[in-house]
Each structure stands twice: as structure tokens, then as C-alpha cells.
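Here the structure comes first, spelled out in C-alpha cells, and everything after it is commentary.
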Amino acid sequence: MKHLLFILYAITLFACGKKQNPAIVLQTDFGQKDGAVAAMKGIITGVNAQLRIHDLTHDIPAYNTWEAAYRLAQTAPYWPAGTVFVSVVDPGVGTQRKSLALKTKTGHYFISPDNGTLTLIAEQLGIAVVRSVDEATQRRPGSGGSYTFLGRDLYAYAAARLAAGKVEFVSLGPVLTIPMQTITYQKAVREHTVFKGNIPVLDVQYGNVWTDIPDTLLLNNGFRYGDTLTVQLKHKDSVVLVQRVPLCKTFGEVPEGKPLAYFNSLMNVSLALNMGNYAAVNHIKSGPDWSIVVGR
Amino acid sequence: MKHLLFILYAITLFACGKKQNPAIVLQTDFGQKDGAVAAMKGIITGVNAQLRIHDLTHDIPAYNTWEAAYRLAQTAPYWPAGTVFVSVVDPGVGTQRKSLALKTKTGHYFISPDNGTLTLIAEQLGIAVVRSVDEATQRRPGSGGSYTFLGRDLYAYAAARLAAGKVEFVSLGPVLTIPMQTITYQKAVREHTVFKGNIPVLDVQYGNVWTDIPDTLLLNNGFRYGDTLTVQLKHKDSVVLVQRVPLCKTFGEVPEGKPLAYFNSLMNVSLALNMGNYAAVNHIKSGPDWSIVVGR
Amino acid sequence: MKHLLFILYAITLFACGKKQNPAIVLQTDFGQKDGAVAAMKGIITGVNAQLRIHDLTHDIPAYNTWEAAYRLAQTAPYWPAGTVFVSVVDPGVGTQRKSLALKTKTGHYFISPDNGTLTLIAEQLGIAVVRSVDEATQRRPGSGGSYTFLGRDLYAYAAARLAAGKVEFVSLGPVLTIPMQTITYQKAVREHTVFKGNIPVLDVQYGNVWTDIPDTLLLNNGFRYGDTLTVQLKHKDSVVLVQRVPLCKTFGEVPEGKPLAYFNSLMNVSLALNMGNYAAVNHIKSGPDWSIVVGR
């Protein structure tokens with residue numbers, strides 16, 4: 001009797017206290033004006049209605065794998081280990097490019113076409129394993145006729161099954177035996193007395209200019225809040241702007257409309273106008289062709 | 001003693017293992033710049049905080065019941081049976097038009113004004129029952145003073161109570177005794193050696209042109225991948241464009257900027273420029289007035 | 001034996017039937033093109049993966065605390081007591097402005113910078129307690145180096161812990177001993193035979209003009225549906241438009257393109273064109289500088 005009781009008790013607690021499934025986070029260049037994202041969420045809900053589905057963004061500029069890479073790197077570290085990210089920015093849809101499932105050293109998962117989208121997150125969180133998702137076994141049953149929406153029929157479906165515990169990571173497909181595709185970009189470096197770096201993205205909502213130069217590079221080389229920096233912004237080899245700006249902790253340290261340098265939420269050197277739009281006023285854009293030199 | 005044990009055990013398992021409520025999916029033409037959608041979600045959460053609420057889109061062009069109909073048809077089949085869809089695109093708000101609750105043969109539910117929004121989903125999934133939602137009994141208590149936001153006070157509230165199991169479908173209101181409103185549109189047909197159809201929507205994010213001509217109509221009449229099609233695009237009676245395009249499996253089969261025909265994720269004939277915007281370049285729009293003729 | 005059974009039973013039920021956490025509702029001026037909102041959701045999910053996270057809007061115009069205030073007032077009353085709202089519209093980010101946690105008399109919670117965002121919701125739902133959130137104890141561990149994203153590192157984190165029951169409201173920080181910041185605005189008043197009020201926002205999706213004049217002010221002073229109103233719309237001291245419009249229950253009471261007055265979903269006097277955009281056609285905007293006079 002007593003044994004029976006404990007067995008039932010154990011079963012019950014097990015049934016009730018089942019582990020919370022990890023969240024799924026979606027990123028695409030689909031926009032949200034049509035039903036494509038909602039179809040992906042329907043497939044995920046069909047796999048397991050308990051799964052929590054969140055949006056990173058669906059406004060990646062069409063086919064812009066660089067920005068997709070950047071948004072993952074900006075966001076994923078703030079999610080708990082186990083979270084499954086799906087990124088569908090896929091200029092090569094329908095070609096022979098592989099579909100990847102990356103597990104980072106931090107225990108985050110990323111499912112994406114093999115087109116460079118995982119470049120930055122792999123550097124940032126470290127690669128534990130990269131697998132090539134096996135379409136033959138991981139594709140949504142009955143979806144074989146559609147050639148153009150793998151985001152729904154393979155990526156969302158595989159992510160949902162992974163998050164729901166219906167497939168193990170090791171079963172998604174074979175370990176990738178060649179390096180995954182990566183995007184080449186200028187990393188931040190010190191050259192003598194100046195620092196060179198890239199302008200990976202703009203903070204589009206406010207028009208702030210973000211660089212990839214970390215705060216530590218400046219702070220460990222003698223720069224302090226309150227110092228005045230000389231910044232030179234370039235598009236390819238053309239100098240677009242040279243300006244002297246104070247390094248501030250807060251925007252309010254300069255008058256409205258005036259420029260400042262600050263460390264953004266990723267702790268990288270950034271440029272802004274207090275209450276204004278630095279990028280628009282100064283005609284600055286972002287991407288591999290844009291660079292910055294910072295000095296005294 | 002043993003009996004007591006089993007009774008308690010059964011009660012406990014019942015309490016813990018309670019059936020997951022179906023998801024609620026919202027579609028409106030409200031946009032998300034103001035608080036209207038969030039007010040609807042608040043009402044749903046107030047009915048039952050466990051309910052999963054998802055967005056189909058809130059960017060249906062204002063009053064465009066045809067696009068609302070199309071987005072439901074594009075999306076709903078990918079959601080599990082039991083899902084409750086709420087569509088509030090309601091040019092007749094405040095008039096005597098009915099509010100409908102449709103149960104399809106597949107077990108999906110749709111709540112919408114009676115204005116044609118349910119035309120395509122009814123054709124696609126089949127009508128099991130259509131009820132006229134009874135405002136007198138199903139409206140949110142205390143909301144009687146507001147004449148202009150039934151989306152919140154009737155539709156979201158009734159959908160939440162249905163999804164939460166607080167009201168049975170049969171209790172939402174009487175079975176509709178007259179046909180619901182439908183939108184007339186040109187269905188895809190074969191005429192001798194050509195195929196005629198409608199351009200229901202554009203794939204707005206990429207500028208691809210979607211038709212309602214299914215892949216099977218071409219494939220069952222001798223067309224093959226690699227064939228060249230002649231497409232004639234018309235606005236009312238004016239021919240806007242005549243073009244010869246290859247029928248491709250993937251965009252990459254043609255050079256960048258070149259046109260192709262393909263089957264979209266709904267397996268309908270569609271037109272695109274590889275890495276470009278077909279609709280913008282060729283001045284093609286969508287809707288009941290736009291049609292296409294496809295031949296050799 | 002019997003006692004043991006009941007103890008186990010009680011433990012089990014307790015474990016299974018745990019109280020549903022309140023929802024978290026996010027409002028920002030970040031937009032959703034980048035990863036800022038998703039980073040906030042990641043932090044919340046990391047605190048407790050069970051929490052339900054909803055969006056009010058992320059399209060508040062940059063730095064527009066007035067519109068932030070209005071959207072909270074428009075939406076929050078439709079959410080159940082206990083809901084935790086986070087609003088991050090923060091022109092003073094990084095300055096010495098306080099961070100507030102407001103509990104209303106209705107039991108709703110609001111976390112926001114002390115910049116006027118809580119003006120309207122405090123008037124509407126009543127202040128129970130306002131606390132100054134203590135950065136030293138409530139900030140996300142390890143986030144001390146970032147000076148510019150308190151939305152993620154303090155507001156989202158504190159809201160998640162409050163909603164998850166990991167911190168009590170009383171422990172968020174000390175009761176505010178001075179009045180919180182408020183925004184001054186013209187409240188609706190009767191002056192002799194006319195009613196004066198403000199145009200707080202436009203119904204942007206449709207171009208309708210909303211005022212802060214409640215239906216009761218007109219209805220309790222002899223106005224009835226069907227009456228014709230004279231409306232005078234002013235920008236500062238300049239009269240922009242004078243027009244006579246019928247007071248309607250539904251848009252369909254006037255021909256397409258014609259103006260009408262109606263009571264919106266907040267039961268305030270509003271102006272619209274049936275099937276048209278009143279604000280665009282008549283060049284009407286909103287904000288503290290825009291006012292309206294309504295008479296016979």
C-alpha cells in the first residue's frame with residue numbers, strides 16, 4: 001500500500017511539474033503585413049500548443065544577411081540558455097545551400113540557412129556544434145510540394161520539435177564537416193594612436209550611429225568620460241565627416257541638437273545628437289563599406 | 001482506503017493535466033501604433049490569463065475585406081483545429097450588419113463581421129455551421145455605451161470565452177438562416193489553351209505577384225518546369241504587360257533582375273524578379289480588377 | 001497512513017495549481033526593426049519562462065511622453081488588476097530623473113521613468129502608492145556597465161520579478177515623497193454654451209480626430225444624437241477649421257466622404273469622414289497645442 005502510494009505520488013508530481021519548454025524566437029525579412037509569420041506560428045502551435053513564441057524582428061531588410069547576423073548578436077545573449085532562435089533571411093532559398101542548426105557553448109540554439117547569418121553569434125557565444133538539418137527527415141510531413149517556404153515547412157517545424165523535446169538536437173542532422181558560411185567584416189583594431197572599426201548598423205529609431213569598437217579599447221588606452229574625441233567617418237575610401245565630439249555618459253551632457261560619443265547598450269562606441277538624428281543630419285549609413293577612425 | 005486513494009489521485013491528475021486551451025489569432029486593420037489591439041488582448045487576458053494570443057496581421061489596408069479574406073485563407077490551414085480566429089476589418093461598424101461565428105469542417109473557428117471576410121476560408125475549409133453572434137448575451141458586461149469598438153467588446157470577448165471553454169459554440173447565437181455575405185471574384189479557369197485567373201494579392205515584402213491559378217492546372221495540362229510561359233497581365237480590360245517567363249523551381253535559375261514564374265507557398269502560379277521587385281518595376285497591383293492570362 | 005496521504009495530496013495540489021502570474025505589457029518608442037524590445041523580452045523570460053508578455057505599442061513617436069501617457073490611459077483599464085505595464089519613453093535617459101513604480105487604486109502596476117508618462121493613468125485609475133525604483137538593489141546583476149538601456153536592465157527586469165512574485169511591490173524602492181512629474185494639458189470644460197477641450201491624439205490608422213470631451217458633457221447639457229454641432233479646431237490661437245457636423249451613432253449615417261461627430265471607444269467626442277481621413281483632408285494634428293470648441 002505504502003509503495004503504491006509513493007509510486008502514484010511520484011507519477012503525479014512528474015506529470016504536473018513537467019519542465020518548462022524553452023522559448024522560440026523568430027526573425028525574418030517577411031514583414032508582418034501578410035500571413036507568412038503567422039503560418040510559421042501556426043505550425044509551431046500545432047507541434048505543441050504550450051510553446052512560447054516571441055518575435056525578434058520581421059523587418060530585416062529583404063535578403064540582408066548581415067543585418068540578420070547583427071540582430072541575433074544584439075539580442076540572443078539576453079535570452080536564457082536553451083532558447084531556440086529561428087532566422088529566415090534567405091536570398092538563396094531553393095538553391096542547394098544547407099540549413100544549419102547551431103548549438104553555442106552557452107547552450108543557445110540557432111536554426112538558419114547557411115548564408116552567414118550565424119557569423120556574429122558564433123563568434124560571440126562560441127560554437128559547440130553545427131549540424132546540417134536533414135530535410136528528408138526533419139521537414140513537416142506533407143509539405144514536400146512547396147519549394148519556396150522552408151521557413152514554415154522546415155525551420156519553424158524543426159525548431160518547434162526541438163523546443164518541445166520531440167526531437168533531440170543530435171537527431172536534426174549530421175555534424176557539419178566543412179566550415180559554415182561567414183560574412184567578412186572589419187573588426188575593431190588599434191593602429192598606433194587611433195582605433196579603426198566598422199559601422200555595423202544604425203540605431204534606426206533614433207538615428208544613432210553604432211560602431212563595433214568596444215568601450216574597453218578606449219578605456220584601456222587612456223580615454224576617459226569627458227575627453228574630446230576626433231571621429232572620422234568613411235564610406236569606402238571617401239571621408240564623409242570629421243568631427244570632434246565629447247565622450248559622454250548621458251545625452252543630456254550636451255545641448256539639444258549637439259553631437260556626442262557614448263557607449264551603447266552593447267558597450268560599443270556610438271555617435272548621437274542629443275534629441276536629434278545623427279545619421280540623417282550627417283548622411284551616414286551602415287554596412288561593410290562604412291568605417292570609422294577614432295582618435296584624440 | 002485504496003478507493004479513497006484512487007479517487008484523490010484521479011482528482012489530482014485531472015486538476016493538473018487540464019486540457020490546453022486553443023490559441024486565439026487576431027487580424028485587424030487597426031495597425032499597432034495605438035492601443036486598440038492591446039485593449040483587445042487585455043479583455044482576452046481578463047477572461048482567462050492562460051490563453052495564448054497571436055497576431056495574424058494588423059496591417060490589413062483600412063476597410064479592405066478582400067485582403068482580410070485572403071490573409072485568413074493563407075494562414076488558417078497551418079493552425080491546429082480548435083484555433084479561434086478573430087478578424088475585425090469592419091467598414092460597416094455600427095450598422096445593422098451581423099456578427100458571424102463560423103465553424104469549419106476542419107474544426108477551426110472564425111469570428112468576423114458579416115461582410116465577406118469569411119468568403120475564402122469557407123470555400124477552403126468548408127462550412128460546418130455559421131452562427132449569428134448574439135450581442136444581447138455575448139457582449140462584454142458594461143460595454144453597452146460604446147458604439148464603435150465591437151472588436152474589443154464583442155469579438156475579442158466572445159472569442160476568449162469560446163477558447164477558454166466559458167461558452168459553447170452553440171450558445172454564441174442562432175444558426176444563420178440566410179447565406180453569409182461573400183465577395184465575388186474570378187476563379188481560375190482553363191479556356192481552350194490558356195488559363196485565366198485573378199491577382200488576389202501581392203507578396204508585398206518582395207514585390208512578387210501572386211495569382212489564384214493552382215500548380216495542378218498547369219501541370220495536369222502538359223506544362224513542366226523549364227517551360228517558357230506567356231503571361232498577359234490586365235487591369236480591367238487594359239493589358240498592362242505581356243511577357244515570356246521561364247517556369248522555375250528556384251529564383252536562382254535566372255540571372256539577378258530577370259523575371260520568372262514559380263509556384264508560391266500556396267502552390268499557385270506567381271511571378272517574380274530574382275532579387276528584385278516585379279510588381280514595382282512593372283506597375284502591377286492586385287485586387288478584383290487585376291487578372292492574368294497564362295499560355296504557351 | 002491517512003494523514004500521510006492527505007499531506008502528500010495537499011503538496012501535490014499546491015505544486016500543480018500554482019497561481020497564474022499576471023501579464024506584462026510593454027510600451028516603448030524603440031520600434032521593432034532592431035533587437036531592443038526582444039532583448040527586454042529575453043530578460044523577462046530569463047526571470048520566469050512562464051510569464052506572458054504582450055506589446056501595447058513600440059511605435060510611440062520618439063521621446064513623446066504625452067503620447068505614451070495617452071496610450072496607457074487608452075489601454076490599461078481593459079486589462080485585469082495585477083497586470084504590470086512597462087513604459088520606456090525616456091528623453092531623460094541617463095540623467096538624474098527617477099524611475100517610478102506606480103500601483104493604482106485598481107491594482108494595476110506601471111513602471112516608467114518619472115517624466116509625465118503616468119499623468120493620465122494616475123488621474124484615471126487613481127494613485128494607491130508611487131515608489132522610486134531603487135537601482136542599487138533592483139537592477140539586473142552584471143548590468144552596471146551600461147548607461148543607456150535601463151529599459152532592459154532595470155525596467156523589464158524589475159517588472160518580471162514583480163510579476164513572477166520574486167520581489168514584493170514594497171521592496172522595489174522607497175515611497176516617493178515628492179509629487180511625480182506630470183504633463184500640463186487643457187482638460188475638457190464647459191464655458192457658457194460651448195465646450196472646450198484638447199485634441200490629445202489622432203486615430204492614426206483612419207485619420208479620425210479624437211478629443212478629450214466626454215460624451216456625458218454633451219449629453220447632460222441637452223445634446224442628442226442627430227443634433228448638428230458647430231466645431232472650431234484651433235492650432236494655438238489660429239482657427240484652422242470651422243464646420244457643422246451631425247452627431248452620429250454610426251459612420252454610415254452620412255454619405256461616403258462626409259464629416260460626422262461621434263463618440264469614440266473611450267466615449268469622447270471625435271470627428272471623422274465616413275470612409276475617409278478627416279485629419280489629412282483638413283490638416284489637423286494633435287498635441288497640447290491643438291484644441292477644439294464645440295457648440296450649437
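Below, the figures for the structure above:
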| item | result |
| --- | --- |
| Selection from region B:175-204 of residues that are assigned to a strand (DSSP E or B), modelled with pLDDT of 90 or more and within 14 Å of chain A (Cβ to nearest Cβ) | B:L202 |
| Residues located in region A:205-230, provided they are assigned to a strand (DSSP E or B), hydrophobic (A, V, I, L, M, F, W, C) and under 26 Å from C:A36 (Cα atoms) | A:V209, A:W210, A:I213 |
| Region C:243-255 residues that are closer than 14 Å to C:T230 by Cα, paired with ones that are open to solvent by 40 Å² or more (accessible area, probe 1.4 Å) and assigned to a strand (DSSP E or B) (beta carbon under 8 Å, 6 or more apart) | C:R244/C:T228; C:V245/C:T228; C:P246/C:T228; C:L247/C:T228 |
| Residue list for region C:145-173, restricted to those being of a type outside the set (A, V, I, L, M, F, W, C) and within 11 Å of another protein chain (Cβ to nearest Cβ) | C:G145, C:S146, C:Y147, C:T148, C:G151, C:R152, C:D153, C:Y157 |
| Test for B:A128: is it within 14 Å of chain C (Cβ to nearest Cβ) and out of contact with any Phe, Trp or Tyr (no Cβ under 9 Å at 6 or more places or on another chain) | no |
| Extreme residue, nearest to B:T184 (Cα to Cα), among residues of region B:34-62 that are surrounded by fewer than 18 Cβ atoms within 10 Å (Cβ to Cβ) and more than 7 Å from chain C (Cβ to nearest Cβ) | B:P61 |
| Residues that are aliphatic (A, V, I, L, M), surrounded by fewer than 20 Cβ atoms within 10 Å (Cβ to Cβ) and under 20 Å from the mean Cα position of the chain (by Cα), drawn from region C:123-144 | C:I127, C:A128, C:V129 |
| Complete set of residues in region A:157-210 that are charged (D, E, K, R) and either in contact (Cβ under 8 Å) with a residue 60 or more places away in the chain or buried (at least 19 other Cβ atoms within 10 Å of the Cβ) (or both) | A:R161, A:K166, A:K196, A:D203 |
| Residues located in region B:4-33, provided they are open to solvent by 50 Å² or more (accessible area, probe 1.4 Å) and either modelled with pLDDT of 95 or more or at the interface with chain C (Cβ under 7 Å from one of its Cβ atoms) (or both) | B:Q32, B:K33 |
| Those residues of region A:274-285 which are within 12 Å of chain C (Cβ to nearest Cβ), open to solvent by less than 50 Å² (accessible area, probe 1.4 Å) and either touching a residue at least 60 places away in the same chain (Cβ under 8 Å) or in a strand (DSSP E or B) (or both), in sequence order | A:G276 |
| The lone exception for B:S265 - which of (1) in contact (Cβ under 8 Å) with a residue 12 or more places away in the chain; (2) within 14 Å of chain A (Cβ to nearest Cβ) it fails | (1) |
| Qualifying residue in region B:226-246 (condition: within 27 Å of A:Y63 (Cα to Cα) and within 12 Å of another protein chain (Cβ to nearest Cβ)) | no |
| Any hit, region C:140-162, residues being in contact with a Phe, Trp or Tyr (Cβ under 6 Å, 6 or more places away or on another chain) and farther than 30 Å from B:A36 by Cβ | yes |
| Output for region A:122-156, where each listed residue is in contact (Cβ under 8 Å) with a residue 24 or more places away in the chain, part of a loop (DSSP other than H, G, I, E, B) and either out of contact with any Leu (no Cβ under 8 Å at 6 or more places or on another chain) or over 25 Å from A:P179 (Cα atoms) (or both) | A:R140, A:Y147, A:T148, A:F149 |
| Test: residue in region A:63-75 that is more than 14 Å from chain B (Cβ to nearest Cβ), over 17 Å from C:A39 (Cβ atoms), buried (at least 20 other Cβ atoms within 10 Å of the Cβ) and in contact with a strand residue (DSSP E or B) (Cβ under 7 Å, 6 or more places away or on another chain) | yes |
| Region C:53-83: number of residues that are among the aromatic types (F, W, Y), under 14 Å from the mean Cα position of the chain (by Cα) and farther than 22 Å from C:A160 by Cα | 2 |
| Answer residue from region A:89-104, given it is open to solvent by less than 10 Å² (accessible area, probe 1.4 Å) and of a type in the set (V, I, T) and is farthest from A:V201 (Cα to Cα) among those | A:T104 |
| Candidate set from region B:251-272 (those that are over 26 Å from the mean Cα position of the chain (by Cα) and crowded, with 17+ Cβ neighbours inside 10 Å); member that is nearest to B:K196 (Cα to Cα) | B:L260 |
| Close pairs (8 angstrom Cβ cut-off, 6 or more residues apart or separate chains): more than 20 Å from C:A163 (Cβ to Cβ) and in contact (Cβ under 8 Å) with a residue 60 or more places away in the chain in region C:84-106, open to solvent by less than 10 Å² (accessible area, probe 1.4 Å) and in a loop (DSSP other than H, G, I, E, B) anywhere | C:V89/C:D29; C:V89/C:I60; C:V89/C:T117 |
| Every residue from region C:66-90 that is over 22 Å from B:F30 (Cα atoms) and of a type in the set (S, T, Y) | C:T83 |
| Members of region C:211-242 that are of a type in the set (S, T, N, Q) and open to solvent by less than 40 Å² (accessible area, probe 1.4 Å) | C:T211, C:T230 |
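So that you can scan it fast, the table gives a plain yes or no per residue for (1) open to solvent by less than 10 Å² (accessible area, probe 1.4 Å); (2) away from chain A (no Cβ under 14 Å); (3) more than 22 Å from C:I44 (Cα to Cα); (4) in a loop (DSSP other than H, G, I, E, B):
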position: C:P77; (1), (2), (3), (4): no, yes, yes, no
position: C:P80; (1), (2), (3), (4): no, yes, no, yes
position: C:S87; (1), (2), (3), (4): yes, yes, no, no
position: C:T106; (1), (2), (3), (4): no, yes, yes, yes
position: C:F110; (1), (2), (3), (4): yes, yes, no, no
position: C:G116; (1), (2), (3), (4): yes, yes, yes, yes
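Residues checked against (1) over 25 Å from B:L51 (Cα atoms); (2) polar (S, T, N, Q):
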| residue | (1), (2) |
| --- | --- |
| C:G46 | no, no |
| C:R52 | no, no |
| C:T57 | no, yes |
| C:N64 | yes, yes |
| C:L72 | no, no |
| C:V88 | yes, no |
| C:R97 | yes, no |
| C:I111 | no, no |
| C:N115 | yes, yes |
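The values are calculated or read from the model by the stated rules, or taken from the named source; none is laboratory data. Just so you know, these numbers come straight off a predicted model, no measurement behind them. Glycine gets a Cβ as well: all are built from the backbone with ideal geometry, and neighbour counts include every protein chain shown. When the accessible area is computed, the model is the full protein with side chains, heavy atoms only, and any ligands, DNA or RNA have been set aside. Shrake-Rupley method; radii C 1.70, N 1.55, O 1.52, S 1.80 Å.
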